[in-house]
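The values are calculated or read from the model by the stated rules, or taken from the named source; none is laboratory data. Keep in mind that this is a model prediction, so the values were computed, not measured. Glycine also receives a Cβ, built like all others from the backbone with ideal geometry; neighbour counts cover every protein chain displayed. Heavy atoms of the whole protein, side chains included, go into the accessibility calculation; ligands, DNA and RNA do not. Shrake-Rupley method; radii C 1.70, N 1.55, O 1.52, S 1.80 Å.
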Amino acid sequence: TKNSTYVGGIVNQVTGAITLKNIHIVGGTISGGPNVGDKTRSYIGGLIGSATSTVTIEESDVTANITGANSLGGLIGEGTTVIIRDSYTTSTVSGGNTLGGLIGSSVTTTITNSYATGDIIGTSSSDGGLVGNSTTTTNISDSFASGNVTGTGTLGGLIGKSTGGTITRVYASG
């Protein structure tokens, strides 16, 4: 989708609860600018660009290049409540800030048995191997990130920035 504020491989913007299950995207570039690889738009995800309600992603995966400005994720760019189970991405995510292997930004995040292996290439802060920024609660279990995370400011192998939560049986190796 060109020249859109919200860009997703399946859904650009969701305003009600949604569950995506058994979705697979292989190849290509997901970008919101006027040209492939353009980094002028925000809220871009491999499956969903932006969601203002509860999003559940199960047994899904994305292999693509995700490019844009801010709030970019291998599966979802930004969301209010994001639940990810048994899913992964091998996508490279590149842009400004708030970049994550699975989620760019979210208010409440729950990730179980999922992973990201692509590099996260930012030019600013709040970039993480799984989650860029989770503003309220981050619960992650049985998951990992193995890509390199680059940028400036607040960076993390798993989470760029979070205000709290529970993290168990996880690792980062990038």
Explain nothing, just compute: Karplus ³J(HN,Hα) = 6.51 cos²θ - 1.76 cosθ + 1.60, θ = phi - 60°, for every residue of segment 106-116 in order, whole Hz, x for Gly and Pro. 7, 7, 10, 10, 10, 10, 9, 6, 9, 7, 9
What whole-number value in Å² describes the accessible area per residue of segment 49-113 for a 1.4 Å probe? 23
Rounded to whole Hz and in sequence order, give me ³J(HN,Hα) for segment 152-163 from the Karplus expression 6.51 cos²θ - 1.76 cosθ + 1.60, θ = phi - 60°, writing x for Gly and Pro. 10, x, 7, 10, x, x, 10, 10, x, 7, 8, 9
Projected-area mean, segment 1-154, by convex hull of Cα positions, square nanometres: 7.0
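Enter the mean projected area of the convex hull around the alpha-carbon atoms of segment 64-174, in nm², rounded to one decimal.
Details: hull surface 20.4 nm².
Seen from a random direction, the Cα hull of segment 64-174 projects 5.1 nm² on average.
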Determine the principal axes of the Cα atoms in segment 34-115, then give the extent along each, sorted from largest to smallest and rounded to whole angstroms. 33, 24, 17
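Cβ neighbours within 10 Å, averaged per peptide: list 160-167, 76-83 in order, most packed at the top.
On the way: 160-167: 16.6, 76-83: 26.4.
Going from most to least packed, we get 76-83, 160-167.
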